[in-house]
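Scroll down for the structure; my scribbles are underneath it.
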Amino acid sequence: MNNIKNHIKGNWKKIIYLTILFFIVLISQNIIKELIIFQNELDDFENELYDREKENIKLNVNNRMIEIENSLNKSQSVLETEIYDKISNLDFAISNTLSNFNSPTSNDILSIILSTTIVLSESDANYDYYLIDTSGNLYNYNELDVIVSENIYEEKDFFNRFYIKEMITNVINNEDEDVFVTYYISKEDDTDKKQYTSYVKRIEGTDYLIYTGAFFEDFTKAIEEELVNSFTTYYKDTDDYVYILDGSGNVIYHKNEEYIGQKYNDILDTVWTNALDYIVDYLEVSESGFVSYSFYENSTSGSVVKRTAYIEHLDEWDYIIGSSFNHNIYNSILDEYKTQSYTSSFIYNGAFVVVLILLAYTIFKYVSKNVNNSFRIFSEEETLYRKFADSVSEIILITDPSGTILYGNANSGVVFGRRKTDGISTNINQILGDEEGFSVLRGTDRDYFVKFRREDIVYDSKNCELYFITDVTDDVKAEKELQLLILNDELTKLGNRRKLTKDFNMIVNPYVRDGNTAYFVMLDLDNFKNVNDKYGHIYGDEVLRIIGGYLNRIANKNVFVYRVSGDEFSVIFINHSEHEVFKILHNLNQNISKHNWENDIEISYSGGVSTMKSTDKYRRLNDYVEQADKKLYSAKMSGKMKVN
């Protein structure tokens, strides 16, 4: 340390320059501090503006959703009113026609009702009218104009409801002998279920019913187009960027009219397709929310910038309603504000520079007088620091840049066998490594888990490194023991439900998301309850331990096994084909059933296998558990010792 003292003594005249430098740093620090504070305030203000914009676009989307939902609610009422009027007109025409006949026969009545119904059906291009009786016979004319009938009483809709039977029953039980009925059937050119609303009325004094109806989707198509057109008119001359997509990413409405009606597969612009992919993928796992993506600055063309949007899914039409804003909208205002603030800060701090220079000169007058006192204080402080270093619980080391230990406090002897003092040429990099963090030290009596951090310092006029080393051996052991308790089943040593959730989120789900196929298996022991009831839980636990041993034998980096409840186990397979999965499960079941069980018990398992793919609508663990459970239940019902 004498080198330091001689160096200070020989260069005390330089203190004035250091003092001046100190004040320069002080001034710079003050300016930087103000700039940081100002930048933080600016960031807060900018975030506040963005939050306000986010609320605006969310409100915009919510208002559009309300408009659409109100239109849908009104459209159902309008549809019912229209088909009510249609059947009322038909009923009126039939009643008038029947009133012109004196004592018509039953055949006359049927002929009059059917012919009137067919005439109206042929004259109305938008609706078909039907005639049935209370037994479910549907009447019509054949090619020879002879009345024929077909019984449709047991006809079912998409949800297996006997909708004709329900229609007839409701009419008979209704005092007014008319009723609205809604059911779900498929169109001729479509296999998907469609909502169909019918109005049914009984012809007074007969067993005949007339009805008509319409697909809700067809009825609302005009309303849908009207709403989209209203968006085009409303947003044409505004700065709002509202858009409508369907569930496949096709453009229904956008501010850029060239893209309205564009199919996703026909869009060649990667900026568009990337944004559409992001939006559609987001709504696969969430009904609504804020998303950020790269898109054109003015939402139609130009430079690509970051945009934030609020999007929401409309189930009835499978529409995505969104509104977005450009993150650069406030740049000009913020830049002007920053320029004015920086200029004011520079002028304000200039006056302080002069004052601080005068203070620096005054301080110099006192520096030379106190140099000797400084040397004395320096020596005392060095002694104090050394004593302090020896008193702390950590190991403190100082090394040169090559890693040679120059100083070690008293606790360094715990690891090195004796205190490391100046000049000991042990290389710390060979002990701890280059990276800051955790390491293992080989001590004189045992190994130590240590946590260390490193700081750059100047020691004895050299650039050196200061190490603080803390013994965390007990903490590491406790943490490992805790992890075993938390993530493993104590009885079978298999992973528990927590580990299942952890592995699914960290290993399996990313694997499936990358386009791979995995398999989730639920296993339930057959006849295990009888074993527990007959031989007791202690023997039952021994059986579970043996089962756990069998499962552990198939576990590897591609097969994960867990005990999720009493006699229920889960297995996840990755990098396996479906054939391999069922083969492994079959062989395992055979081995368990053939095990030489004490008391000659019979143990096997039933199972259900759920396939996990990246194309699944939902990739949640609970969904796969539910799918596997259903197949497990089916296996149990079909005779046990089976895997479906």
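Figures for the structure shown
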read-out	value
Centre separation in Å (Cα based) which lies between the stretch 104-140 and the stretch 151-184	18
Those lysines that a straight Cα-Cα span of less than 28 Å connects to Lys387, excepting residues fewer than 8 apart in one chain	Lys5, Lys9, Lys420, Lys451, Lys462
Spin-label model distance (nm) - Glu166 vs Ile507, 7 Å beyond Cα toward Cβ	4.8
Relative contact order for the stretch 79-219, counting Cα pairs under 8 Å that sit 6 or more residues apart, in percent	24
Calculated FRET value between Leu42 and Thr615, using beta carbons and R₀ = 45 Å, to 0.05	0.50
P(r) histogram, all alpha-carbon pairs of the stretch 79-219 included - 10 Å bins from 0, percent	11, 42, 37, 9, 1
For peptides 516-522, 111-117, 254-260, sequence by mean Cβ density within 10 Å, most packed first	516-522, 111-117, 254-260
Efficiency of FRET between Met65 and Met637 - r from beta-carbon atoms, R0 51 angstrom, step 0.05	0.70
Residues with amide H under 5 Å from that of Leu406, placed H, sequence gap 5 or more	Ile398, Thr399, Asp400
Residue pairs, from the table Lys194/Lys263; Lys499/Lys631; Lys306/Lys502; Lys499/Lys557; Lys529/Lys630; Lys165/Lys187, whose Cα atoms sit over 26 Å apart	Lys306/Lys502
Chain lengthening between Asp51 and Lys263 when straightened (0.36 nm per residue, less Cα-Cα)	73.0 nm
Residue-span extension gain [Ala351 to Glu143] - 0.36 nm each, minus C-alpha spacing	64.1 nm
Cα-based convex hull, the stretch 239-326, per residue volume (Å³, whole number)	84
Size of electric dipole in the stretch 239-326: Cβ of Lys, Arg +1 and of Asp, Glu -1, about Cα centre, debye, nearest 20	340
Antiparallel bridges, percent of DSSP beta bridges restricted to the stretch 488-637 (to nearest 5)	95
Ordering of 322-330, 590-598, 617-625 by burial proxy (mean other Cβ atoms within 10 Å per residue, highest first)	322-330, 617-625, 590-598
Full-stretch length increase - Lys74, Ile457 - with 0.36 nm per residue and alpha-carbon distance subtracted	130.2 nm
Estimated FRET transfer efficiency when R0 is 30 angstrom, pair Tyr366-Ser28 (beta carbons, to 0.05)	0.80
Sequence of Val571, Val291 once ranked by neighbouring C-beta atoms within 10 Å, starting from the fewest	Val291, Val571
Chymotrypsin sites (Phe, Trp or Tyr not before Pro) within the stretch 66-158: DSSP coil, no more than 16 neighbouring Cβ in 10 Å	Phe101, Tyr127, Tyr153, Phe158
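Only the coordinates and a few stated rules stand behind these numbers; no lab work does. For clarity, every value in this text was computed on a predicted model and none was experimentally measured. In this analysis, Cβ positions are derived from the backbone assuming ideal geometry, glycine residues included, and neighbour counts consider all displayed protein chains.
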